[in-house]
Amino acid sequence: MKFRRILLIVLLSVTGFWLLTSYLPGKLGSWSLFHGAGSPLQLTEAEAAPAYDAEEQNNIAVYKRVLPSVVNVTSTTLVFDFFNGVVPQHGQGSGFILDKAGHVLTNYHVIEGANRGIEVMLSNKHRYKASVVGTDKVHDLALLKIDAPDLQPVTLADSAGLSVGQKVYAIGNPFGLNGTMTRGIISSIRSIKESEDAVIEDALQTDAAINPGNSGGPLLNSGGDVIGINTMIASNGAEQSSGIGFAIPINTAKAVLADLTRYGHIKRPWLGVSSYPIGPDLASQMGLPAVSGVLVQTVISGSAAERAGIHGGSQKAYVGNTLIMLGGDLIVAIDGHETIDTQDINAIMNHHQAGDTVSVTFYRGHKKITLKLILGETRG
């Protein structure tokens, strides 16, 4: 009997100690010292996932809509190594599907020199050999074609009415990370020099992260429509995003796609001049007869401008650190449309073809002249 009483006391003590250390520490304040390291971890969990806000919903909608249209483009080139042996070298970029027939748009520099084939991988991981329909080195564009079923093409927007500050998205394969989306705004719309031979007119500058591998992929508006083709970054040698990326406006691509499809190369109309935009302040300082226009710097030999008798500059001057040529014709309108800068000329060219006749209005000294000019074809 005495033994049973002792056993009962021991059992009650052990049970009480277990209850204190296992269930009560969180409610006993100072008694938490009994809470040992082996006690169950107590987590606070949300009862349900929070609803997406309007911005998140739009991000998700754009991604789901466009991802099936974005592709990974891999080009293979045979090169010589240090020991003069032939080895394959792979280039990688992005692109997007234009139609159900399998046309894919990307950058020229993504497939440049590909002498051993081009491969396109869809978002579903299926891979297809691609043929080159046409290339445009000057505008850094290449049109490819694949034979694949159930393709989902993108929707092309109008890039003429874009504004600095509007939201944009980029989808591509930066560093080979397929299906990556970044977002930002249009930071500026400016003309930039991509290489010695290529100038991108009305380039869309964005702070959406653009990195190696994004080249050729789409830049999208908030509705998921393509407004540009991501093409380069300003990185100061770092070869990664610095918040300054550039895209070719989609209207430029629209203007050349028909030529690429029909001829395999660009037949874009061209005046054949290099020019410098003149605003009211410069016009006043130079004593020009108009408050704005584009001052012809040089006229390309054999071009439409040379045949029409347009004059370039002959006197050197500096605007800041920029060398310009004075004395050339000041173009103020083409077909009655005002030309304040080179972007205006580019927009007018988008509505013409090589061989079209246009009226060019310009000042030579203080004399206003209008003449007819038959547009030539872009070189390069």
Entries of 64/129; 64/267; 254/372; 100/125 with Cα pairs more than 29 Å apart: 64/267
Putting +1 on Lys and Arg Cβ atoms and -1 on Asp and Glu Cβ atoms, find which of 348, 365, 328 reaches farthest to the positive end of the dipole of the range 327-368. 365
FRET efficiency for residue 314 and residue 185 from the Cβ-Cβ distance with R0 = 45 Å, rounded to 0.05, comes out at 0.60
Could you give the dipole magnitude of the range 230-345 about its Cα centre, charging the beta-carbon of Lys and Arg +1 and that of Asp and Glu -1, in debye to the nearest 20? 360
Per the 1/(1 + (r/R0)^6) rule, R0 = 35 Å and r from the Cβ atoms of residue 372 and residue 166, FRET efficiency to 0.05 is 0.35
Full extension from residue 41 to residue 254: what is 0.36 nm times the residue separation minus their Cα-Cα distance, to one decimal in nm? 70.6 nm
For the residue pair residue 338 and residue 76, what label-to-label distance in nm results when each label sits 7 Å from Cα along the Cα-to-beta-carbon direction? 5.6
Residue 101 paired with residue 64, simple spin-label distance in nm, labels 7 Å along Cα-to-beta-carbon: 3.2
Using the Cα atoms of the range 269-377 to build a convex hull, what is its mean projected area in square nanometres? 6.2
For the range 329-344, take each phi angle, set θ = phi - 60°, evaluate the Karplus expression 6.51 cos²θ - 1.76 cosθ + 1.60, and give the result in whole Hz per residue in order, putting x for glycine and proline. 5, 9, 7, 10, 6, 10, 6, x, 8, 4, 10, 7, 8, 5, 5, 5
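Taken together, the values in this text are just the output of simple stated rules run on the coordinates, not laboratory data. None of these values were measured; they are calculated from a predicted model. We place every Cβ from the backbone using ideal geometry, glycine too, and count neighbours over all the protein chains shown.
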